[in-house]
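A.B. asks: The following block contains the structure, expressed as structure tokens.
Laboratory data are not the source of any read-out in this text; all were calculated from the coordinates shown. The structure presented is a predicted model; accordingly, all values stated were derived computationally and were not measured. We place every Cβ from the backbone using ideal geometry, glycine too, and count neighbours over all the protein chains shown.
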Amino acid sequence: MGEGKRSDGVLQQLKALGVRLSIDDFGTGYSSLSRLRHFPTDTLKIDRAFISRIDTDADNRAIVRTIVALAHNFGLKVVAEGVETPEEVDELLAIDCEYAQGYFFSRPVDEDTAMHLLSAGHCGKEPFPRMALKESSLVRSPC
């Protein structure tokens, strides 16, 4: 059995256990389009390289729009990585991107700060500093 078939089987077993799978840094490195339909993936995370300057760079905007449409056609959610400005958020909302993470929402925090924010209820149900774009009022998240 080839290495690709073996890893696909492991991923299928993880999905059967209820594990949700994401392809990180989609659009760069080893995230091949030919493998997308074979992986039991729930989410695509778009690499920051494409999010950066999405509000001023037509090429980046076109790439992100295409990735979001592709993901939605496969029934996947999308997370935009490295969001830093309200303008980037506006562009992502305009192209129907569900989730984002990055400095716009929060700088990285240590374990104690994260636990404090979670226990104080500042982060809702999400355990990490990210938020659903569609459900936000575009106000910075406190976590």
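A.B. asks: Modelled label-to-label distance, THR66 and GLU111, 7 Å Cα→beta-carbon offset: nm?
C.D. replies: Each label point is offset 7 Å from its Cα along the Cβ direction, giving 4.3 nm.
A.B. asks: Do me a favour and compute the ellipsoid semi-axes for segment 74-120 from its Cα gyration tensor, root of five times each eigenvalue, largest one first, whole Å.
C.D. replies: 25, 14, 8
A.B. asks: Working out 0.36 nm times the residue gap between LEU11 and ASP24, then minus their Cα-Cα distance, what length gain in nm do you get to one decimal?
C.D. replies: Gain on extension, LEU11 to ASP24, equals 3.2 nm.
A.B. asks: Rule-of-thumb check for segment 51-101: C-alpha Rg over 2.2 N^0.38 Å?
C.D. replies: Rounded to two decimals, the normalised Rg is 1.02.
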